[in-house]
1. Using a Förster distance of 30 Å, how high is the FRET efficiency between GLN55 and ILE257, based on the Cβ-Cβ distance and rounded to 0.05?
2. Report the local net charge at GLN94: Lys and Arg +1, Asp and Glu -1, summed over other residues whose C-beta lies under 12 Å from its C-beta.
3. Of the listed pairs LYS23/LYS122; LYS54/LYS223; LYS76/LYS223; LYS90/LYS223; LYS76/LYS258, which have alpha-carbon separations greater than 25 Å here?
4. Convex hull volume of the Cα atoms in region 59-102, per residue, in Å³?
5. Below 8 Å between Cα atoms, with a sequence gap of 6+, how large is the relative contact order for region 1-122 in percent?
Amino acid sequence: MIGQIFNTVFMTPILNLLVLLYKAFLILHLPGAFGFAIIGLTILVRLILHPFFKQQIETAKKIQDLKPHLDRLNKKHKKNPTLLQQEQLKLYQQAGINPASGCLFMIIQLPIFLALYQTLSKFLLNGHGAKIISEINKVVFFPFLKIEAINPWFFGFNLALSPAAAGHWFYYLIPVITAILQYLQAKVSMPAQEEKTVNTKDQEAKKEDNSEDFQKAMNTQMKFFLPLMFGWFSYSLPVGLSLYWNIFSVFSIIQYIKTNPKSKALGSK
């Protein structure tokens with residue numbers, strides 16, 4: 001039942017949109033039509049998610065602006081966690097912040113990403129045999145969207161192959177690029193203060209506050225572990241999925257910088 005609702009609400013519309021873009025680019029005789037269809041689909045999904053992503057960034061920025069006040073509360077009530085939580089919630093309410101809203105983007109993005117993964121998997125992981133084409137044609141909304149085959153080639157890359165299976169050196173650039181983009185996205189999404197030099201008093205205060213150490217460890221994990229994980233996924237899964245991830249990451253990086261121009265530059269240390 002849940003799977004049927006998921007397919008009806010997410011997967012089938014996304015599949016139809018992907019086929020529509022693919023057919024449109026074929027009519028325009030655009031080389032690598034399927035690759036451009038994935039890029040077009042990624043951009044459209046990004047535009048749909050833009051309000052939620054913008055809200056996430058703005059909430060994170062407001063919380064960062066409150067950090068000095070939160071630090072004072074942590075120091076004042078560190079022996080009374082219940083009172084600390086109450087004071088933190090009161091501070092958030094005064095600033096008009098709902099901390100849970102920062103998770104909204106991830107919650108909304110997850111089913112869309114799963115639907116995209118399943119849709120692309122249907123095209124890429126299973127090849128373009130007659131059985132798969134028949135399954136796709138059964139769920140298209142209009143007869144003119146029916147397809148006979150999928151050409152997976154895009155600028156010398158077979159989007160249906162993983163770099164691990166391709167065996168050509170230039171395919172190995174894909175997981176490297178994916179990891180770099182994920183690193184840059186994590187870097188620009190972190191608060192600017194994380195990268196600033198602190199004086200001796202600040203360092204001593206941080207040593208006394210375990211929450212600062214925990215936050216630093218989490219940021220380090222985001223900056224290095226997640227890019228390596230996505231790089232491995234990109235090495236193991238079809239290039240078409242990496243194309244989606246990378247285009248999505250590029251838009252995220254641009255939006256982080258545009259929304260928060262005072263954030264650190266990509267080249268900063």
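Quick note: the coordinates plus some simple rules give every number you see, no bench work behind them. None of the values given here were measured: they were computed from a predicted structure. Note that each Cβ is placed from the backbone with ideal geometry, even for glycine, and that neighbours are counted across all protein chains shown.
1. On the way: r = 17 Å, r/R0 = 0.58.
Result of the calculation: an efficiency of 0.95.
2. On the way: positive: LYS62, LYS90; negative: GLU87.
With Lys, Arg at +1 and Asp, Glu at -1, the neighbours total +1.
3. Values: LYS23/LYS122 17 Å; LYS54/LYS223 21 Å; LYS76/LYS223 31 Å; LYS90/LYS223 31 Å; LYS76/LYS258 36 Å.
Checking Cα-Cα distances, LYS76/LYS223; LYS90/LYS223; LYS76/LYS258 exceed 25 Å.
4. Details: hull volume 2.7 nm³, N = 44.
Cα convex hull per residue, to the nearest whole number: 61 Å³.
5. On the way: 63 pairs, mean separation 44.5, N = 122.
The normalised contact order for region 1-122 reaches 36 percent.
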